[in-house]
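The values are calculated or read from the model by the stated rules, or taken from the named source; none is laboratory data. All of these numbers come straight from a predicted model, not from anything done at the bench. Note that we place each Cβ from the backbone using ideal geometry, even for glycine, and neighbour counts take in every protein chain shown.
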Amino acid sequence: MLLRNLRLTNFRQFKGDQPISFSTNPDRNVTIIMGENGSGKTTLAQAFTWCLYGDTDFEDKSMLSKAVAQNMLPNEEANVRVDLDLVHNGMEYTIIREQRYSKDSSGSLRRPSQTIFKITYKGSDGQREFVPDLETDLRMKEILPRELSKYFFFNGERIEKMSKEIRRGKSKEFAEAVKSLLGLSAFTAALDHLKSRSSSSVIRSYDNSYNAGSDARIAQYTKEIDDFDDEIEAITRRLAEIENEEAIAQDKCDELEEKISKFKDSEVLTKERERLRNKLNGLISSKASSTTALLRSFNKNAQQYFAKKMMKDALQRLSEADKLDKGIPDIHERTIKFLIDRGFCICGNKIVFNNEAYKELMKVLDYIPPQSLGSLIGQFVRDCELKSKGGSSLFEEVSEQYRVIRDFETDYAEVEKNIKLVEQRLVNMENVGELQKDLINYESRLKGLKTERDNLNKEHGSYENKKKYKVADRKELTLKDETNRKIEVYKAYAQYMYDVLFDDYTQKEAETRNQLQETVNGIFKHIYNGGLSLSLDENYNVNIIVNDFEGYNSDVETSTAQRISVIFAFIAGVIKMARDSQNDENEMLVSEPYPLVMDAPLSAFDKTRIQTVCDTLPKVAEQVIIFIKDTDGELAETYMGQQVGARYLFEKKNEFETYLVTR
């Protein structure tokens, strides 16, 4: 998507008609608009949001220029309007939002509750056509969904907020945005169409089309399955709420801990509490690790270990038998019968009923397949020897892991008691008591949320199991009816398609995520060359890793500049991949590249970092538009050099009027 022109008409301090054209030259793809604080940079940035979605972050929701409003006479009208020309998927659009204001007979300013929203496009014949009013919101969603817009129209404050979100694990929204921007939403839409809670999904529609006339229990089971689905969905929603509540509570804990640690008198106790908490976490991890190791050893070797006594007794009894070595390798009962029927042996001796050769051959039948008792016993002995070796270390392994698990409760209680003693001392300390009380309350809240989450997960598993049995019972009944058997076949096909598509999606999502990590790391290292790299987990949570210390891969605390570098790198990485995806052979992964429109994005950086950011953004984004204060703007313009294709200044006449001037 390329932005071509923006036209403001009486939009806040931009009085009258004020157009601005953005550079669309691929080699000079940067537009810089400079001005001091308060001159209108944020207003211009908000004009995009108002035009596209009818909303802004302003406390004063009146968009009409105050200079215009002051000069209006009673019963006179004035319009606020923003027009945005853009190109999306090769089609030229003009997005128009307008609002009429009027003054009543008493001189009070009035405005309608709704804005007028129009979208025009250039048809194949070159003529301008209007998108029907009922379709404008849908078309806008196709061009740029509102939930994705904040990743391309943002300011420094928004960047800092985004950085905290993806660092604290609250990045589900970011993950969904990334998937949409990188073309993965086509997969998820197809998966939802095949199988979701919606009654219109393919599999759900089949569930609702069973012929219950053949057996009333089909309808009963279907209702019970739907009830289980409702319970599961409610639990899933609550788990999402808990995740958000935990993030908020954890943020408060982090904030309070930071405040508490600033008090000099509590510094030693704070460090001791942190050490004890780390020890507590270590005990939990150790117990979990030992439990996993114990179960792994038990599952792997328990059968052989507990069978050793029985195998020993069996081998003792078999050692007293006399048929172990009488089997003849590779000789079968059919071979002997063939020789008897033929009348002479392979050695040439004649075989006649009841002669010596005949008798010897009949004895052999007792020890060869299928009556090869000796061979079977020999194989059994060898198997017993092998299995006995496999379980020999079980007792020692289980004993060692169980010792750690057994000691956990005592060690955990001791450390927890010490933590409480430290916290009690902190509560009684001057200037820290109230903070510590609040911290204890929030930590208690976190603990309660964790307990609730664990209980809900258990309930979730219980409902899933109950649902599985009811589905099996219903399927058994439906297979007795011809119509329902056809539905089961159709469902099986739909499920197969879902499974294949889900496997393909899982693979593509993992590949895309790994590629994103590599792309973002390359950009991050260029922006912030300081021995750090980024790690992206399956939930799109970000860890910053220290590269210079071998074996040290824990997440590290970062400065504001580092955090903003992270989100800059992520947004730039996503844009670069979206741009590169235009050449992807997989049509399901092709997405539209978007521009970057930024309000004061460089204020947290030093000169060196501004240079690296300015060097990176024009290379990865198809178009860059920056609203920036004069001092940073001069640096940005210097560093971007030949990439700048358009330049504007905010010329502030007074508090109510600002004009855009071409440089």
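General observations
- Matching option when the condition is in contact (Cβ under 8 Å) with a residue 24 or more places away in the chain, touching a strand residue (DSSP E or B) at 6+ places or on another chain (Cβ under 9 Å), surrounded by fewer than 18 Cβ atoms within 10 Å (Cβ to Cβ) and among the hydroxyl-bearing types (Ser, Thr, Tyr), among Ser102, Ser65, Ser106: Ser102
- Single residue of region 400-419 satisfying the filter (among the aliphatic types (A, V, I, L, M) and over 10 Å from Lys279 (Cβ atoms)) that is surrounded by the most Cβ atoms within 10 Å (Cβ to Cβ): Val404
- Contact map, region 203-229: residues that are under 19 Å from Ser462 (Cα atoms) paired with residues that are outside any helix (DSSP H, G or I) and of a type in the set (Phe, Trp, Tyr), Cβ distance under 7 Å, separation 6+ or inter-chain. Pairs shown: Thr222/Tyr210.
- Test for Leu315: is it of a type in the set (A, V, I, L, M, F, W, C), modelled with pLDDT under 70 and surrounded by 15 or more Cβ atoms within 10 Å (Cβ to Cβ): no
- Here is the figure for region 92-124: residues that are among the hydrophobic types (A, V, I, L, M, F, W, C) and modelled with pLDDT under 90 total 1.
- The set of residues in region 71-97 that are in a strand (DSSP E or B), surrounded by 16 or more Cβ atoms within 10 Å (Cβ to Cβ) and either of a type in the set (Lys, Arg) or over 36 Å from the mean Cα position of the chain (by Cα) (or both) comprises Ala78, Val80, Arg81, Arg97.
- First in region 238-266 and at pLDDT below 80, second anywhere and surrounded by fewer than 17 Cβ atoms within 10 Å (Cβ to Cβ) and in a helix (DSSP H, G or I), Cβ under 7 Å, 6 or more apart: Ser261/Glu267
- Taken over region 1-31, residues that are over 34 Å from the mean Cα position of the chain (by Cα) and closer than 17 Å to Ile628 by Cβ amount to 4.
- Failed condition for Ser285, given (1) modelled with pLDDT of 75 or more; (2) surrounded by 13 or more Cβ atoms within 10 Å (Cβ to Cβ); (3) more than 21 Å from Arg445 (Cβ to Cβ): (2)
- Within region 639-650, being assigned to a strand (DSSP E or B) and either touching a helix residue (DSSP H, G or I) at 6+ places or on another chain (Cβ under 9 Å) or more than 17 Å from Thr31 (Cβ to Cβ) (or both) holds for Val644, Arg647, Leu649, Phe650.
- Among the candidates Val178, Val268, residue that is under 20 Å from the mean Cα position of the chain (by Cα), among the aliphatic types (A, V, I, L, M) and part of a helix (DSSP H, G or I): Val178
- Qualifying position, being in contact with a Phe, Trp or Tyr (Cβ under 8 Å, 6 or more places away or on another chain), surrounded by fewer than 18 Cβ atoms within 10 Å (Cβ to Cβ) and not basic (Lys, Arg), among Tyr496, Tyr505, Tyr490: Tyr490
- Test for Gln424: is it closer than 30 Å to Ile284 by Cβ, modelled with pLDDT of 75 or more and touching a helix residue (DSSP H, G or I) at 6+ places or on another chain (Cβ under 6 Å): no
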